[in-house]
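Quick notes on the structure that follows.
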Amino acid sequence: MENYVYIALFAPLAGSLFAALFSQRPKALVTGVVTSTLLFISFVASVILLNHVHHEGAVHVTLMDWISAGDMSIPFGFNIDQVTAVMMTVVTLVSTVVHVYSNGYMDHDKSFNRFFSYLSAFVFSMMVLVMSDNFLGLFIGWEGVGVCSWLLIGFWYHKADVTRDVNPSISPSWAANEAFIMNRIADLGMLVGIFLIYWNIGSLQYADVFAAVPSMNHGMLVTIGIFLFIGAMGKSAQFPLHTWLADAMEGPTPVSALIHAATMVTAGVYLVIRANPLYSAIPEVSYFIAVLGTFVAIFAASMALVNRDLKRIIAYSTLSQLGYMFAAAGLGAYWVALFHLAAHAFFKALLFLGAGNVMHAMDDELDIFKMGGLKKAMRWTYLYMGLASLALAGIWPLAGFFSKDTILEAAFNEHTYGIWLVLWFTAGLTAFYSFRQVFLTFAGDERYKPLGFHPHEVQKYVLWALSPLAILAVIFGWFKEPFMEFVTQFLPAYEMSEHTEHNVVILTVVTTAIALGGIIFAWMRYYKGLKRDEKVEQSLPYRILLNQYYIPILYERVFSKPYAALSKVFWEDVDQQVVDATVDGIASVIQESGDSSRKIQTGNLSDYLKLMSGGALVLVALVLFAAMQN
Amino acid sequence: MITFAFYLFAVLITGLFLVTVMSKNVLYAMTSLAAGMVLISGLFFILGADFLGVVQLIVYVGAVMAVYAFAMMFFDLSRDVEERHDKPWLIFLLGGGIALTLVVMFAAPIMGEAVHALYPPVAGATNPQAVGLVLFTKYLLPFEVASVMLLVAMIAGIILAGKKMEISLSAMDEDILPDTKENA
Amino acid sequence: MITLNHYLILSGLLFAIGLVGVVRRKNLLMLFFATEIMLNAANLAFAATSSYYHDLTGQMFAFFIIAVAASEVAVGLGLLILLYKKYGSINLDDFTIMKG
């Protein structure tokens, strides 16, 4: 089994390095084919491992000793348990689809090879993140995906900066930096958490750490839990570190699908699930996580309601669904969170890739107000996105229904009716904005025609590549029971109380009702075509939502601008006036003393003799003086 | 008598050496140097170091001064030497300072009482005999080293001075000299 | 009565004269003369000490100094001749080739 572990882990790295060899060359189809093939191999190995873990239990391998200094010993070890196996399979599956899809999507891009190199490097980092058996390995993967995310968001770095009115994300490189810096803030928290763990437990191995949790001081556990969660908040774009995710849509769409929907942003959820013994021991932090997740769910969904940008709507939807996952994890229903994570990965990747098809057809136009009626030209994409949106909205029998419904049940089961109510309402919002987007894009009048677009369906093999995601988005929910049995071998089981069992039918009906209500409302409003209501668009709530609650502007005013001003002060007043002046002063003192003492070196022996005599005189005088002292 | 001789010699030596140092004429300087050295040998005789006095006369006044005299022939020094002095006061300040400190030092009662002679003169022997006894027994090795040094110096002197002996600079025309200067 | 101090003071004065010569002279040959004066001053001090302490060691040192002085003159004058052949001068000011 060890070999499968290494194949699953290192195949993406091999692909990345192979593609990197061609990075400076013009497009070579071979890079796309090779990386996709290697990813597929990695996927197959992951599935084999999943099967093995299912039957035989967890696999643990140690690649090599990594750091051993004094008492500190951190091996490069990998532990494939149920959670990791699920994550690996999800990551490699979505990655494989995205790789194949990118062959078509990036067809005309001049940096085709570079793109595949980054993409495979990302998958490798993500695999390290989920496979590591210790916190430090997780952190390495965590940083690795951060770097790859930065590289890929800023993939079209050559685009110039524009104002916020033209493009809310300003430019790809701006968005990339924003994402990276926000993650850096969060990663500091995570690093502090890891330090605290090492300081208190003396090991970073998951097994040792979680074994030590019951005997630890509660206050310290809370501190560690909070700091680790800060890391998770950054990576999973939870409030208040959420702004980067929407801006990250500046990257190529396959990147948005893979990194900013299906895999990387779920790393925070993965961390909470992974550290479940820790979070189980600190219910107050868990409750906070649940509340924050719930808040982010409705907060993001509300922003998605009014947005006109195809990808941003999906990005907010991702944010909202991450909120659901955190809510589930915070309520202790870890397997439910993982289940929703996997289901969400499938339908959200599908949704994004479908959006990529639309973008491709519309020459990178993202404004859904300028689309409409695309279903004629793009039948298959319409089907895929419709399916994905149904799954997202939580309509039976698609994947989202099972996972989201279970989260709501868990919220009900915990008697946190507030959370339940908010999540329930958010389910309606989710259905509404998903179908608002689908209908505005594919149904109604063909608003693109006057604008001179000629949409066309994408290549056949791209559509075929999407089919696994579509199938999984439909059927994944049917495997809820086997999935639960499988992951609860490792994760704590979550039992619904009898009270909840009684109400399951009612809950299901109520949830489905609001989801259907949202869809129907969207259908009524948008199916026939876009009817813009000036009064609504000018209203204050609409503008607040459209401007993301003015949070990016607030951040800019409160953090960026004062920071820039402070930096300027430090640059001009401290660095230039004090530091540079000191250094220059030392240099000029030395130069001037050298310049004046240079005159001693006349090259005339006579002058040297004079100096020597002067020295002799001083010495003799010193001797005399010393003698007189005695 | 000895007191008178000492002061006479002291005044004469100081005067002659001052001439050596201050004179513009090489010949004067060298002659006064030689005379000063002769008088120093006189002081040696007063001090009872007969052999040293003789050596002083032979080596310094005889050999060294002869070498200087020969060397002079290489350099065109019949004219007065012209020396530029930027800061004459500095020279005398340095010299005077050193002289003053040394005089202050030596004027102090510095003579130790408990100094034991390492090699006292052998009773009954004359100075040259006593010197020979010490030099060829206790200082034999330094003596041999000194003789080797002198041999080396002799060969070095011959080699250095003998190089390109066929070129006579003093016989050259003035206008050729700048050429040789540029080769420097 | 002439004591050792008298000799040492005389020796110090002669040494100072030699030093003045060393500092003052630009002509290398004259500079050699000045060094001879300094060496002789030292010799005088040695001989005087030797005499007053009835110890021959001082005279021994004086001999060696004379030997060194002789060697110095031999080698020094040889070098001086080479220098003169090269520059056509034995004035120190003419050897100043640094552009500092």
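The values are calculated or read from the model by the stated rules, or taken from the named source; none is laboratory data. Everything quoted here is computed from the prediction, not taken from an experiment. Cβ atoms come from the backbone with ideal geometry, glycine included; neighbour counts cover every protein chain shown. Calculation scope for accessible area: heavy atoms of the full protein, side chains included, ligands and nucleic acids excluded. Shrake-Rupley method; radii C 1.70, N 1.55, O 1.52, S 1.80 Å.
Which ones in the range A:362-403 are under 30 Å from A:Glu534 (Cα atoms), at pLDDT 85 or above and among the small types (Gly, Ala, Ser)? Scanning the range A:362-403 gives A:Gly386, A:Ser389, A:Ala393. Taken residue by residue, the range A:293-310 has no member that is more than 14 Å from A:Lys404 (Cβ to Cβ), in a helix (DSSP H, G or I) and of a type in the set (D, E, K, R). For A:Arg164, are the conditions met, namely being closer than 25 Å to A:Gln238 by Cβ, open to solvent by 10 Å² or more (accessible area, probe 1.4 Å) and at pLDDT 90 or above? Spelling it out, it is not the case that A:Arg164 is closer than 25 Å to A:Gln238 by Cβ, open to solvent by 10 Å² or more (accessible area, probe 1.4 Å) and at pLDDT 90 or above.
Just one of (1) in contact with a Leu (Cβ under 6 Å, 6 or more places away or on another chain); (2) open to solvent by 10 Å² or more (accessible area, probe 1.4 Å); (3) among the β-branched types (Val, Ile, Thr); (4) in a strand (DSSP E or B) fails for A:Ile67. It is (1). For the range B:20-37, residues that are among the aliphatic types (A, V, I, L, M) and open to solvent by 60 Å² or more (accessible area, probe 1.4 Å) total 2. Considering B:Leu43, B:Leu57, the condition of being more than 10 Å from chain C (Cβ to nearest Cβ), part of a helix (DSSP H, G or I) and either surrounded by 22 or more Cβ atoms within 10 Å (Cβ to Cβ) or not hydroxyl-bearing (Ser, Thr, Tyr) (or both) is satisfied by B:Leu57 alone. Entry remark, the range C:26-43: residues being at the interface with another protein chain (Cβ under 7 Å from one of its Cβ atoms) and touching a residue at least 12 places away in the same chain (Cβ under 8 Å) number 8 in total. Since C:Asp55 meets every condition but one in (1) more than 13 Å from the chain's Cα centre (by Cα); (2) facing chain B (nearest Cβ under 7 Å); (3) of a type in the set (Asp, Glu); (4) in a helix (DSSP H, G or I), which condition does it not meet? Every condition holds for C:Asp55 apart from (4). One residue stands out among those in the range C:73-100 that are charged (D, E, K, R) and more than 7 Å from chain B (Cβ to nearest Cβ): the one that is farthest from the chain's Cα centre (by Cα), which is C:Lys99. Considering every residue within the range A:524-531, establish whether at least one is within 30 Å of A:Pro277 (Cα to Cα), open to solvent by less than 90 Å² (accessible area, probe 1.4 Å) and in contact with a Leu (Cβ under 9 Å, 6 or more places away or on another chain). No, the range A:524-531 has no match at all. Of the residues that make up the range A:188-196, is at least one part of a helix (DSSP H, G or I), under 30 Å from A:Gln548 (Cα atoms) and open to solvent by less than 20 Å² (accessible area, probe 1.4 Å)? Yes. Restricting C:Phe15, C:Phe46 to those that are more than 7 Å from chain B (Cβ to nearest Cβ) and either over 24 Å from B:Gly132 (Cα atoms) or open to solvent by 20 Å² or more (accessible area, probe 1.4 Å) (or both) reduces the list to C:Phe46.
The residue list A:Asn103, A:Asn51 contains one member that is assigned to a helix (DSSP H, G or I) and open to solvent by 40 Å² or more (accessible area, probe 1.4 Å), which is A:Asn51.
Report whether or not A:Gly293 is open to solvent by 10 Å² or more (accessible area, probe 1.4 Å) and within 30 Å of A:Phe490 (Cα to Cα).
no
Answer with yes or no whether A:Phe210 is assigned to a helix (DSSP H, G or I) and either open to solvent by 20 Å² or more (accessible area, probe 1.4 Å) or under 23 Å from A:Ile289 (Cα atoms) (or both). Considered against the rule, which asks whether it is assigned to a helix (DSSP H, G or I) and either open to solvent by 20 Å² or more (accessible area, probe 1.4 Å) or under 23 Å from A:Ile289 (Cα atoms) (or both), A:Phe210 comes out as yes. So in the range B:4-19, with the set limited to residues that are open to solvent by 30 Å² or more (accessible area, probe 1.4 Å) and among the aliphatic types (A, V, I, L, M), which one is nearest to the other protein chains (Cβ to nearest Cβ)? If we take residues in the range B:4-19 being open to solvent by 30 Å² or more (accessible area, probe 1.4 Å) and among the aliphatic types (A, V, I, L, M), then B:Leu18 is nearest to the other protein chains (Cβ to nearest Cβ).
Within the bounds of the range C:30-40, is there any residue that is within 30 Å of B:Gln129 (Cβ to Cβ) and open to solvent by 20 Å² or more (accessible area, probe 1.4 Å)? Among the residues of the range C:30-40, at least one is within 30 Å of B:Gln129 (Cβ to Cβ) and open to solvent by 20 Å² or more (accessible area, probe 1.4 Å), which makes the answer yes. Put simply, of B:Ala161, B:Ala153 the only residue that is assigned to a helix (DSSP H, G or I) and modelled with pLDDT of 90 or more is B:Ala153. Of all the listed residues (C:Leu56, C:Leu77), the sole one being without any contact (Cβ under 8 Å) to a residue 12 or more places away in the chain and open to solvent by less than 20 Å² (accessible area, probe 1.4 Å) is C:Leu56.
Residues being farther than 28 Å from A:Ala275 by Cα and out of contact with any Asp or Glu (no Cβ under 7 Å at 6 or more places or on another chain) are represented in the range A:118-131 by at least one member. If you go through the range C:60-70 and keep only what is facing another protein chain (nearest Cβ under 7 Å) and either open to solvent by 10 Å² or more (accessible area, probe 1.4 Å) or in contact with a strand residue (DSSP E or B) (Cβ under 9 Å, 6 or more places away or on another chain) (or both), you end up with C:Phe63, C:Phe64, C:Ala67, C:Ala70.
Please specify each residue of the range A:412-460 satisfying the condition of being under 24 Å from A:Met385 (Cβ atoms), without any contact (Cβ under 8 Å) to a residue 40 or more places away in the chain and in a helix (DSSP H, G or I). Selection gives A:Lys449, A:Pro450, A:Lys460. Of the residues making up the range C:82-100, those that are open to solvent by 10 Å² or more (accessible area, probe 1.4 Å) and assigned to a helix (DSSP H, G or I) are C:Leu82, C:Leu83, C:Tyr84, C:Lys85, C:Lys86, C:Tyr87, C:Asp93, C:Asp94, C:Phe95.
If I filter the range B:78-104 down to residues being over 15 Å from C:Leu19 (Cβ atoms) and under 24 Å from the mean Cα position of the chain (by Cα), which single residue comes out as farthest from the other protein chains (Cβ to nearest Cβ)? Here the answer is B:Ser78.
Within the range B:80-88, the presence of at least one residue that is surrounded by fewer than 14 Cβ atoms within 10 Å (Cβ to Cβ), out of contact with any Ser or Thr (no Cβ under 9 Å at 6 or more places or on another chain) and closer than 30 Å to A:Phe625 by Cα is confirmed. Residue pairs whose Cβ atoms lie under 8 Å apart, sitting 6 or more positions apart in sequence or on different chains, and linking a residue in the range A:604-630 that is away from chain C (no Cβ under 13 Å) to a partner that is in a helix (DSSP H, G or I) and hydroxyl-bearing (Ser, Thr, Tyr), are A:Ala621/B:Thr101. Only one of the numbered conditions (1) touching a helix residue (DSSP H, G or I) at 6+ places or on another chain (Cβ under 7 Å); (2) not in a helix (DSSP H, G or I) is violated by B:Leu94, and that is (2). Might you let me know whether the range A:256-266 holds any residue that is among the β-branched types (Val, Ile, Thr), open to solvent by 10 Å² or more (accessible area, probe 1.4 Å) and touching a residue at least 24 places away in the same chain (Cβ under 8 Å)? No - not one qualifying residue is present in the range A:256-266. Can we say B:Val64 is at the interface with chain C (Cβ under 10 Å from one of its Cβ atoms) and within 25 Å of C:Tyr87 (Cβ to Cβ)? So B:Val64 passes the test.
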